[in-house]
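Structure record follows, encoded as structure tokens.
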Amino acid sequence: MKVLLTGAAGQLGEALIACTPAGVSLTACSRAELDLADPQACRAAVFTHQPDWVLNAGAYTAVDKAESEPELAQAVNAGAPAAFAEALAETGGRLLQVSTDFVFNGAQGSPYKPHQALDPLGAYGSTKAAGEAAALQLPGARVLRTSWVYGPVGHNFCRTMLRLHSEREQLGVVADQVGCPTSTATLAMACWRAMGLGLDAAAEAALPCILHWSDAGAASWYDFAVAIGELGVQIGLLDNAARVMPLTTADYPTPAQRPSYSLLDCSGSRAALGLEPMHWRAALAEVLPLTVVARS
């Protein structure tokens, strides 16, 4: 199987490369090698490499900055999958589009199922929703939504919290936004499985076009920050953990409005993919020993 991977230098891209299954011929493209804001370059990459799958793990993920750069966010998050789908329709390949819990408004207070109506709150979520729609125009395409992604490398909440725990005695973190942290390691495995790797033909054919994947359980950002400090001390990554104070969303205003509850219902997707869930705290315990504390 030939796979064209975007976002290869990102945190998910690195995890995907690290666990590439046997039998996959992978062409991994970083932002420097493939500008997702350039639809002509996206189409050309498909025609040049003739992949069986494009795994579009690259994205514009700066949620707040997207409010002031909506055109760039739209070009990357919606224009690129549209270009890939257009080219793949000619070459006969397929597309896996990685998406986000931010396509929902967070108002219902119970986990979102894959086929519920979308209602994003800001530019980031809106452009990712548009990217989903563009991807699904291609027969055989799949969308894999996930949430609160972090890993041992890259810019993410976990590495930022480790730095803050090492620098401060006290810090404030929002406690009224609920979702689920997702390790890049488990997400990468779900991505490969979503393309049929490790499944027999019947199971692959039965996979739905929209899948949800996160680690198990639920947490607020406050819960996540506390766990990072506690586990960081346990494994010797931190000498001491800062005291974490719960904040409300109103206490910590941001340019982009975020869903207050964005937990994804992953039960059907986990069964279809044949993957056992790992609780987010157990996944965090596996990631932390591999993590380098981010410096400001």
Q. Being surrounded by 14 or more Cβ atoms within 10 Å (Cβ to Cβ) and farther than 27 Å from Leu144 by Cβ, is that true of even one residue in segment 271-294?
A. yes
**Q.** Subset of segment 24-37 that is of a type in the set (A, V, I, L, M) and in a loop (DSSP other than H, G, I, E, B) - its residue that is modelled with the lowest pLDDT
**A.** Ala32
Q.
Within segment 146-168, does at least one residue satisfy the condition of being farther than 30 Å from Leu237 by Cα and either surrounded by 20 or more Cβ atoms within 10 Å (Cβ to Cβ) or of a type in the set (Val, Ile, Thr) (or both)?
A. no
Q | Filter result (within 18 Å of Thr254 (Cα to Cα) and either touching a strand residue (DSSP E or B) at 6+ places or on another chain (Cβ under 7 Å) or in a helix (DSSP H, G or I) (or both)) within segment 59-71 | A | Lys65, Ala66, Glu67, Pro70
**Q.** One residue from Ala117, Ala80, Ala133, Ala85 being part of a helix (DSSP H, G or I) and out of contact with any strand residue (DSSP E or B) (no Cβ under 8 Å at 6 or more places or on another chain)
**A.** Ala133
Q) Residues of segment 7-23 being assigned to a loop (DSSP other than H, G, I, E, B) and surrounded by 16 or more Cβ atoms within 10 Å (Cβ to Cβ), which ones? A) Gly7, Ala8, Ala9, Gly10, Thr20
Q. Where residues in segment 197-240 are under 23 Å from the mean Cα position of the chain (by Cα), in a loop (DSSP other than H, G, I, E, B) and modelled with pLDDT under 95, which of them is surrounded by the fewest Cβ atoms within 10 Å (Cβ to Cβ)?
A. Gly198
Q: Could you grab the pairs with beta carbons closer than 7 Å, sequence gap of 6+ or different chains, first residue in segment 45-60 and among the acidic types (Asp, Glu), second one part of a loop (DSSP other than H, G, I, E, B)?
A: Asp52/Met1; Asp52/Gly93
Q. Among the listed residues Gln108, Gln97, Gln74, which satisfies the condition of being at pLDDT 95 or above and not in a strand (DSSP E or B)?
A. Gln74
Q | Verdict on Leu88 being modelled with pLDDT of 95 or more and within 19 Å of Tyr60 (Cβ to Cβ) | A | no
Q.
Looking at (1) out of contact with any helix residue (DSSP H, G or I) (no Cβ under 7 Å at 6 or more places or on another chain); (2) without any contact (Cβ under 8 Å) to a residue 60 or more places away in the chain; (3) surrounded by 18 or more Cβ atoms within 10 Å (Cβ to Cβ); (4) not in a helix (DSSP H, G or I), which one does Ser126 not meet, given that it meets all the others?
A. (4)
Q: Search segment 215-233 for residues that are more than 18 Å from Gly172 (Cα to Cα) and pair each with any residue that is part of a strand (DSSP E or B) when their beta-carbon atoms are under 8 Å apart and the residues are at least 6 apart or on different chains.
A: Asp215/Thr182; Asp215/Ser183; Asp215/His279; Ala216/His279; Gly217/His279; Ala218/Val178; Ala218/Gly179
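How many residues are in a helix (DSSP H, G or I) and surrounded by fewer than 17 Cβ atoms within 10 Å (Cβ to Cβ) when one looks only at segment 245-270?
At the first step, the residues of segment 245-270 found to be in a helix (DSSP H, G or I) are 249-251, 267-270.
When the remaining residues are screened for being surrounded by fewer than 17 Cβ atoms within 10 Å (Cβ to Cβ), the result is 249-251, 267-268.
Looking only at that region, the number is 5.
Being of a type in the set (A, V, I, L, M) and within 30 Å of Gln108 (Cβ to Cβ) is the filter here; which residues of segment 146-170 pass it? Break it down into steps so the answer makes sense when it comes.
Of the residues in segment 146-170, the ones of a type in the set (A, V, I, L, M) are 149, 153, 161-162, 164.
Within segment 146-170, Val149, Met161 qualify.
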Q. Going through segment 49-73 one residue at a time, which ones are over 15 Å from Ala28 (Cα atoms) and surrounded by 19 or more Cβ atoms within 10 Å (Cβ to Cβ)?
A. Tyr60, Thr61, Val63, Ala66, Ala73
(Q) Taking the conditions exactly as written (touching a helix residue (DSSP H, G or I) at 6+ places or on another chain (Cβ under 6 Å), of a type outside the set (Ser, Thr, Tyr) and under 24 Å from Glu67 (Cα atoms)), does Ala141 satisfy them or not? (A) no
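The values are calculated or read from the model by the stated rules, or taken from the named source; none is laboratory data. Everything numeric here is computed off the predicted structure, so don't read it as measured data. Virtual Cβ from ideal backbone geometry, glycine too; neighbours counted across all protein chains shown.
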